[in-house]
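Any read-out appearing in this document is the output of simple, stated calculations on the displayed coordinates, not a laboratory observation. Note that the coordinates shown come from a computational prediction; the quantities given were computed from them, not determined experimentally. For neighbour counting, all protein chains shown are included, and Cβ atoms are generated from backbone atoms with ideal geometry for every residue, glycine included.
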Amino acid sequence: MSHKDGRIPIRTCVVCREKRQQNELLRIVRTPERQIKFDKTGRMNGRGAYVCDDTVHLDMSDPSAGIDALGRGKLRSALRANLDDTTVKLLDEAIASHLAEQ
Ligand SMILES: [Zn+2]
């Protein structure tokens, strides 16, 4: 997938505040039903937050743990939602399998 027309939207990672092209970020969305989901397509309805699409914000002490504590806190405030353990686990699994596909 290469985009050379320069029209890729720029978004900010909620964890490190780095501005990146949208295709270099993971979108986490709070749906209208107030569920928190990893939005693989980038097109889901709801309030979105972006996180760098690589391992920088993952908890490297445990590869299956997903987003680290700092990232979780930032996501919580960006989405104004409570991330309970079940939600975090589902999110981590979705992100881990996405990264594994790359
Ligand atoms: Zn980042």
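With a ≥ b ≥ c taken as the square roots of the eigenvalues of the C-alpha gyration tensor of region 10-101, please select rounded if a/c is under 1.5 and otherwise prolate if a/b is larger than b/c or oblate if it is not? Rounded. Each residue of region 92-102 was assigned a 3J(HN,Hα) from its phi angle through the Karplus expression (A = 6.51, B = -1.76, C = 1.60, θ = phi - 60°), giving 4, 5, 5, 5, 4, 6, 5, 5, 5, 6, 7 Hz with x at Gly and Pro.
Mean separation of Cα pairs under 8 Å and 6 or more residues apart, divided by the residue count, gives the chain a relative contact order of 24 percent.
Distant-in-sequence amide contacts of residue 26, defined by a placed amide H-H separation under 5 Å and a gap of 5 or more residues or a different chain, comprise 51, 52, 53.
For region 42-47, backbone phi angles converted through the Karplus equation (6.51, -1.76, 1.60; θ = phi - 60°) give residue-by-residue couplings of x, 10, 6, 6, x, 7 Hz, Gly and Pro being listed as x. Length gained on full extension, residue 86 to residue 24, computed as 0.36 nm times the residue gap minus the Cα-Cα distance: 19.7 nm.
Under 13 Å from a label point set 7 Å out along the Cα-to-Cβ vector of residue 34, the amide N atoms of region 74-93 belong to 80-84.
With θ taken as phi - 60° and the Karplus curve 6.51 cos²θ - 1.76 cosθ + 1.60 applied, the whole-hertz 3J(HN,Hα) list for region 16-27 is 9, 6, 6, 8, 9, 5, 4, 6, 9, 10, 9, 9 Hz, x standing for glycine and proline.
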